[in-house]
1. If only one of 191, 126 is within 30 Å of residue 260 (Cα to Cα) and of a type outside the set (Ser, Thr, Tyr), which one is it?
2. With the structure loaded, tell me whether residue 237 is touching a Ser or Thr at 6+ places or on another chain (Cβ under 6 Å), under 17 Å from residue 143 (Cα atoms), among the aliphatic types (A, V, I, L, M) and surrounded by 15 or more Cβ atoms within 10 Å (Cβ to Cβ) or whether it fails that test.
3. How many residues does segment 261-288 contain that are farther than 20 Å from residue 119 by Cα, in contact with a helix residue (DSSP H, G or I) (Cβ under 7 Å, 6 or more places away or on another chain) and open to solvent by 20 Å² or more (accessible area, probe 1.4 Å)?
4. Report, by residue number, each residue of segment 7-27 that is more than 43 Å from the chain's Cα centre (by Cα) and of a type in the set (A, V, I, L, M).
5. List every residue pair whose Cβ atoms lie under 8 Å apart, where the two residues are 6 or more positions apart in sequence or sit on different chains, the first residue falls within segment 164-181 and is within 20 Å of residue 196 (Cα to Cα), and the second residue, located anywhere, is surrounded by 13 or more Cβ atoms within 10 Å (Cβ to Cβ) and of a type in the set (Asp, Glu).
6. Which of the following residues is among the β-branched types (Val, Ile, Thr), at pLDDT 95 or above and closer than 30 Å to residue 194 by Cβ: 133, 97?
7. Have a look at 296, 292 and point out the one that is modelled with pLDDT under 95, open to solvent by 50 Å² or more (accessible area, probe 1.4 Å) and under 25 Å from the mean Cα position of the chain (by Cα).
8. Can you name the residue in segment 1-42 that is among the β-branched types (Val, Ile, Thr) and in a helix (DSSP H, G or I) and, of all such residues, is surrounded by the most Cβ atoms within 10 Å (Cβ to Cβ)?
Amino acid sequence: MLVDGLPPLNALRAFRAAARHLSFRAAAEALNVTQSAVAQQVRGLEQALGARLFERQARGLALTAAGEALHQPVEQAFRLIGDAAARIAHQAEVLTVSATPSFVSRWLVPRLDSFTRGHPGIDVRLSASNDLVDFHRDGVDLAVRYGFGVDPGLASQMLFPANPVAVCSPALCGPDGRIAVEDLGTRIPLLHDSHFLWAEWYRVLGRDEAEARRGVRFSHTLHAIEAALLGQGIALVPRPLVERELHAGQLVAPLDIHLPEAGARGFHIVAPPETWDSRKVSAMRLWLLAEATGGAA
């Protein structure tokens, strides 16, 4: 029976295998079915087409003229279907990661090449934003967020603690590599990002928080770090974002900074629970954790 002018797919598969091997037995082994099942499918195809497709000979089967006419188009059709399926199956998965601009620029991008080389089947899309993510609306698979915790209903894991550190250019320090607290906000301008950590530290010291509001304010930590590198003041920022510059001596940490709940404040990996263990999200999550514990930036 022909449906929309086409024979049943299983019958065509049986015919294709039999035509390749010129043997119902060999075709059955290739398809992992019984020999009688192959013969039955071929007989059904012959009835639907109204033509014999094989002739039985002493050494096996031979294609009839009708079989020859059908064989090449069937082979071509199955090859086209197989090629299309292979392209789809091996198409790179797209993984969209959302993180703060500072984290993306200063921590993630310098390391990202090792992920792309290790996972060639995953294409990464980075979205740098401080906005909270709506995973379903925004099409984001995984996010890295800074703070003390995450929204209820999301799976999360701390990537690393923030360990806030005050950093500035070595040119702003005294001969001993230190600076006096009294110089903050006067000789050495305070550089603020959107987290206003200087106010927290002044509170710990018992100093007037109004003094901590002086200086230059930036919307992103990234810009506060850049200003510190240029010698424009001192910034209080997450240590993982400036490890490379501290190690290279481009920045120094001239003050002992201790903030409350320092261990709970950090960068967290966040994703919906239902996709937390999916292949692409799991690959990125495990890679992030390995990078975080693999040494300095």
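1. It is 191.
2. no
3. 0
4. Selection gives 18, 19, 22, 26, 27.
5. If the second residue must be surrounded by 13 or more Cβ atoms within 10 Å (Cβ to Cβ) and of a type in the set (Asp, Glu), the pairs left are 167/245.
6. 97
7. 296
8. Among those residues, the one meeting the criterion is 38.
The values are calculated or read from the model by the stated rules, or taken from the named source; none is laboratory data. Please read all numbers here as calculations on a predicted model, not as lab measurements. We place every Cβ from the backbone using ideal geometry, glycine too, and count neighbours over all the protein chains shown. What goes into the accessible areas is simple: the full protein's heavy atoms, side chains included, and nothing from ligands, DNA or RNA. Shrake-Rupley method; radii C 1.70, N 1.55, O 1.52, S 1.80 Å.
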